[in-house]
Every structure is written in C-alpha cells, then in structure tokens.
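For reference, the structure I am asking about is given below.
The values are calculated or read from the model by the stated rules, or taken from the named source; none is laboratory data. Just so we're clear, the structure is a prediction, and the values are computed from it rather than from any experiment. Quick note on the areas: whole protein, heavy atoms, side chains included, nothing else; ligands and nucleic acids left out. Shrake-Rupley method; radii C 1.70, N 1.55, O 1.52, S 1.80 Å.
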Amino acid sequence: DSTATNYTWQANPPDASLTQPNSQNPTVSPTVETIYTVTITQGALCSATYTITVTPKQGANVDLPGNMVVCNDDPITITATGNGLGYEWSTNPAFNPVIPNVNGQILPVSVVEDKIYYVRTISIDGCIDVDSIKIDNGTIDIVAEPFDGDICEGEETQLLVTDTKGDTTLNYQWTPNLPNAPNPVVSPDVSTTYLVSISNALGCTDEASFLVNVSAANVQAEITGKD
C-alpha cells in the first residue's frame, strides 16, 4: 500500500536475520521454519496485519580442493565433496555445455591445461550449490644443447637451454656457478660437467646437464745434427 506510513515486522520464533523490522521489504534468512507477521498502519486509526511462513529447505553443499599447480602432463583427478544427489561438471560457469559422461564426484582430467573447472550439485529439496577450481599447468619444456661438447684447451663453447613453450620467465641456477641465463659461454681448463636447475614462477622445476670435454694438444720437437 503506497499510502501506508509504518511497517512493523515480528518473527516467531525470533529471527536474528530480521535486521530491518520497519522496512517494507526486509530480507531474512531463517534457519528454522519461521512465521513473520507485519502490521501496516496508516495514521492512528487504520491498520492491517498479514503473516507469512518461511520454511528453509536443506541446502546443497559442494566443495573442491584449492587451486592447483601441476608440473607435468600426467593425468589427474579432481574430487568434489558434498551432500548433493548428483553432480555436473563444466569448464563454463553457466554449465553450457556440461562435460559428458561424468555425473559423479570425481572428474578425470587426461589432458591437463590451464583451465577453471566448475561443479554443481542439487539437494533433495532442489537447492543448488556451485564451486570451482583453477588448474595451472606449469610444466617446463626445455631442449638442452649440446649435451656433450668437445673443445680444445683454451677454446670456449656455449651451453644452450631453449624454452620450447616460450611463454614463461625461467630462472637458471648453474653448478659450477654461472650467470642466470639460458646461454652461458664457458671455457673450462679441464673436462667439466655443468648442471642447471630451471624453475618458473609457479614453482615447477627441471634439470639438465652438459659435459664439456677439454682436449690438450702437445707437441715435442727434437733437433739432431747442425742447427
């Protein structure tokens, strides 16, 4: 009634979520069946009283693990926990389309890509809950050349690590100590094995090794007879 001036709401049993008892349209979230009564008054003489019963249904609940980083391409499984009657999975928050042939709490992922997976469930009373998990594939894919190199004493060679994915910032830690770079130039005095540990911002690592063989050239001269 647009001419009404006062609204007074009461809840039975009392409801702490009735925080706006004088609002025309209060929002409530009772945990048990609750009867709400509103008294609407216009001036000092005219009033009307109405009641409504709000019955909360059993809510749905579904939870996924926290966001994941995988450091290889091995298949994984994502497991949901919840109280629903059925589960649907999708890579679309609108669940259009859903992932076919999967209706349980376990989602097998054979090809791990950077994606967000969504799951939703429905309770016996028709309530719906949704959760999601973000998967980052931080696999490092490198080519190390050459694995074995031969140089002569006093020469130098380059150790080269190539990031075939080309979309990550990598950190290179060399043993023996070399600059943090994928292509250091070395000139060892003796045959040396160089190890490199490679890591990215997601915490994934890979390793490679290089053996540089150093050959020394020796010559001797002997003078016989007159010089």
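Could you work out the per residue convex hull volume over the alpha carbons of region 178-227, in cubic angstrom?
Spelled out: Cα convex hull of region 178-227, divided by residues, is 80 Å³.
Now for a different question. Please report how far the C-alpha centroid of region 1-41 lies from that of region 80-104, rounded to the nearest whole angstrom.
If you average the Cα positions of each part, the centres end up 37 Å apart.
Just the accessible area per residue of the chain, please: how many Å² with a 1.4 Å probe?
Accessible area per residue, the chain: 64 Å².
Karplus couplings for region 9-15 from phi (6.51 cos²θ - 1.76 cosθ + 1.60, θ = phi - 60°), rounded to Hz, Gly and Pro as x?
9, 9, 10, 9, x, x, 10
Let me ask something additional. What do you get for Rg/Rh over the chain if you use C-alpha atoms and the Kirkwood form of Rh?
Result for the chain is an Rg/Rh of 1.43.
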